[in-house]
Amino acid sequence: MSEEIKKIIQDIGGKPEEWISVSERPGKEPFAKELNYSLSDYFWGKVHVRNEGEIYVLVISKDVFNWKDRIKDLKLSGEVVDAAGGLMWLQEFDIQGLKRDFEFLKTFIENIRKQKQQKTS
């Protein structure tokens, strides 16, 4: 699954970093692994995969002032777990859903930028 996730990020023009193990506290067994990613200047964040296989994705964007206000407009495969300001956590249920959501979010942010340009011109 790790390499598949990296490939998805690369396939949509993103840059994944290396996976690192994470634990609740220093000295404890890792309960998950994470990788940081960036998708050009659209959005960035981390993919968090728990040992049991649960996938969570942090999405950070400077173009979205408040994700919470936009949830109703998002047509995501995954589920929004938390959203505040420019930060949003998603839970993904499979790899293909992750791919669809990354592609959707890129297009969504492109459209926000186009709307902002139209308002200023």
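Here are some notes:
- Boolean, PRO16 is modelled with pLDDT of 95 or more, farther than 20 Å from ARG100 by Cα and not β-branched (Val, Ile, Thr): no
- Residue in region 71-82 that is part of a loop (DSSP other than H, G, I, E, B), under 17 Å from ILE5 (Cα atoms), over 10 Å from the mean Cα position of the chain (by Cα) and among the polar types (S, T, N, Q) present: yes
- Identity of the residue in region 70-121, hydrophobic (A, V, I, L, M, F, W, C), out of contact with any strand residue (DSSP E or B) (no Cβ under 9 Å at 6 or more places or on another chain) and within 18 Å of GLY13 (Cβ to Cβ), that ends up surrounded by the fewest Cβ atoms within 10 Å (Cβ to Cβ): PHE104
- For region 6-68, the strands (runs of 3 or more DSSP E) that sit wholly inside it and include 2 or more residues that are within 13 Å of the chain's Cα centre (by Cα) and free of Cβ contacts under 8 Å to residues at least 60 places away in the same chain are 32-39, 43-50, 55-60.
The values are calculated or read from the model by the stated rules, or taken from the named source; none is laboratory data. Just so we're clear, the structure is a prediction, and the values are computed from it rather than from any experiment. Note: ideal-geometry Cβ built from the backbone for every residue, glycine included; neighbour counts use all protein chains shown.
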